[in-house]
Amino acid sequence: MSDLPEGWAWSTVADVLANGFFADGDWVETKDQDPDGEIRLLQLADVGDGFFRDRSSRFVNVEAAERLTVKPVEPGDVLVARMPAPLGRACIAPDLGQPAITVVDVCILRPDAGIDRRWLMWALNSPVTRAEVAGLATGTTRKRISRRNLATIRLPVPPLPEQRRIVAAIEEHFSRLDAAEASLAAADRRTAVLAATEVDLAFANLTDRAPLGDLAEVRGGIQKQPKRKPATNPRPFLRVANVKRNQLELSDVHEIELFDGEIDRFRLSEGDLLVVEGNGSPDQIGRSAIWSGEIADCVHQNHLIRVRPGEELDSRFLNAFWNSPANAQQLVAIASSTSGLYTLSTSKLNKVMIPVASLVIQAQVADRLDELHQRVNRLRHQIDTARQRSVAMRRAILTNAFSGLLAPQDPTDEPAAVLLERIAAERATTKPAPRKKAAAADG
């Protein structure tokens, strides 16, 4: 944006904070922390994109704070994350009911009364500012922006009363979007519950059960070893990352070296079920998907178990039951271990009890559940589309806000140029205030 609305003026982060406070957080090592400390140590994870997340639980004691000469955070300070994600996100520090400081990668911004703090936070979170932050970031593995570079970010500053009108307009629009997104989340949860209920009902009347090993061939895969680095006989090789629940992700398929006679033993066939062997999360253990012959001569790693249904077992029926809530409980029970990890094996899978029904009934159940999954996928696609629209609307609201298009201008407002001149003049005549100490709360 080159042309500013009447009464606005360009400035920088450093200039709008010239008579305020602008500093990095503190370098606090693990040895300096105390789980019983009186002072909260805020982390990058606490800084949300426009809101305080309150995710961490780190503390230091008063003695360490005094030794490190830390910089206290005050309620209402603007906190800026100098590392992703997203880089440069900002929020307002709440009243935590106890003293607080931040880690070094969180900047503390405390403007004087001439700059509205919530306006500054939203300005830093605007798409234009976010793009400028990205352009000034350094680093290869993890991007970050230095406080020196952050200080140079340009801001289109409106008069103070207009700053407040902009904040009110942004937050009114965002509160409506928050409510809409909460409704979408509730709809997503209801969809999941209803789908799970319908899946379980589909198998509820099929009371006859048999061990999987009686109806299917269960086999492990190939262990990845240095000798299997692709060379003269490479073959496509599925990994755990390729198997999601009810679907395969085949955009990144690795290769592995096979030796004489192995392809016939390990080649996947259409209708095979691929089951994830282990996971630290109980809701992911044993997830499965059907192989439909998408890639010729494909094999799989040993952390995937291949289940090949026999003539009396429909692979779609088996996969639907395998990923059902009822079977999930069975898998967790047989996969649990004292280590806290959940691990399956071919012998454990052979003992899993599955419903027994005629092929006609299996096909009917599979068709019914295929239709259900299609309905659920359509609903979730609609929910995801609505969420994407909400994100786009937030970006548009912030873009309009800092282009002068969201809140009305008042020609009687004191121009921003006068405000900025006064901030600079006050800075020139004011001695730096001594740093406060972070102390334990009274009482």
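With just the Cα atoms of the stretch 209-353, tell me how far they stretch along each of the three principal axes, in Å, largest first.
Rounded to whole Å, the extents work out to 45, 38, 26 Å.
R0 = 35 Å: FRET efficiency of Ala180 with Lys224, Cβ-based, nearest 0.05? Walk me through the intermediate numbers first.
Numbers: r = 46 Å, r/R0 = 1.32.
Once the sixth-power term is evaluated, E becomes 0.15.
For every helix of n ≥ 4 consecutive DSSP H residues, a contribution of -39,500 (n - 2.57) applies; sum these over the chain, divide by its total residues, and give [θ] at 222 nm rounded to the nearest 500 deg cm²/dmol. Before the final figure, lay out the partial values.
Numbers: 13 runs with 169 residues, N = 443.
That calculation yields -12000 deg cm²/dmol at 222 nm.
Quick check: the angle from helix 160-204's long axis to the longest principal axis of the chain, C-alpha only, nearest 10 degrees?
Roughly 10 degrees, rounded to the nearest 10.
With axes computed from alpha carbons, what is the tilt in degrees of helix 325-335 against the longest principal axis of the chain, rounded to the nearest 10 within 0 to 90?
With both axes taken from Cα atoms, the answer is about 80 degrees.
If you line up the long axis of helix 359-401 against the longest principal axis of the chain, both from Cα atoms, how many degrees apart are they, to the nearest 10?
For 359-401 against the chain, the angle is about 10 degrees.
Can you return the aspartates and glutamates within cross-link range of Lys244? Criterion is Cα-Cα under 16 Å, with same-chain partners fewer than 8 residues away left out.
Result set, ordered by chain and number: Asp252, Asp272, Glu277, Asp283, Glu294.
Excluding Pro161 itself, what net charge comes from residues whose Cβ is under 13 Å from its Cβ, given Lys and Arg +1 and Asp and Glu -1?
Numbers: positive: Arg164, Arg165; negative: Asp116, Glu162, Asp410, Asp413, Glu414.
Every neighbour counted, the sum reads -3.
Which entry in (i) 59; (ii) 63; (iii) 44 matches percent of Cα pairs over 29 Å apart derived from the coordinates of this structure?
Here the calculated entry is (ii).
If you take every residue apart from Val365 with its C-beta less than 13 Å away from the C-beta of Val365, what net charge results, scoring Lys and Arg +1 and Asp and Glu -1?
Computed value for this residue: -4.
Once the other residues with Cβ under 14 Å from the Cβ of Ala195 are scored (Lys, Arg +1; Asp, Glu -1), what is the net sum? Spell out each step's value before the answer.
Numbers: positive: Arg189, Arg190, Arg245, Arg368, Arg375, Arg378, Arg380; negative: Asp188, Glu198, Asp200, Asp370, Glu371.
Overall, the nearby charge balance is +2.
Which whole-Hz couplings ³J(HN,Hα) result when phi for each residue of the stretch 55-68 is put into the Karplus expression 6.51 cos²θ - 1.76 cosθ + 1.60, θ = phi - 60°, listed in order with x for Gly and Pro?
Karplus-based 3J(HN,Hα) across the stretch 55-68 equals 9, 8, 8, 10, 9, 10, 8, 4, 4, 5, 4, 5, 5, 8 Hz.
Whole angstrom only: what separates the Cα centroid of the stretch 353-428 from the Cα centroid of the stretch 246-300?
Centre-to-centre distance over Cα atoms comes out at 35 Å.
Amide H of Gly20 versus every other amide H placed in the peptide plane: which residues, excluding those fewer than 5 positions away on the same chain, fall under 5 Å?
Amide H to amide H, under 5 Å and 5 or more residues apart or across chains, Gly20 pairs with Asp112.
Quick note: the coordinates plus some simple rules give every number you see, no bench work behind them. What you are looking at is a predicted structure, and each value in this text was computed from that prediction instead of being measured. Using ideal geometry, Cβ is built from the backbone for each residue, glycine included, and neighbour counts are taken over all protein chains shown.
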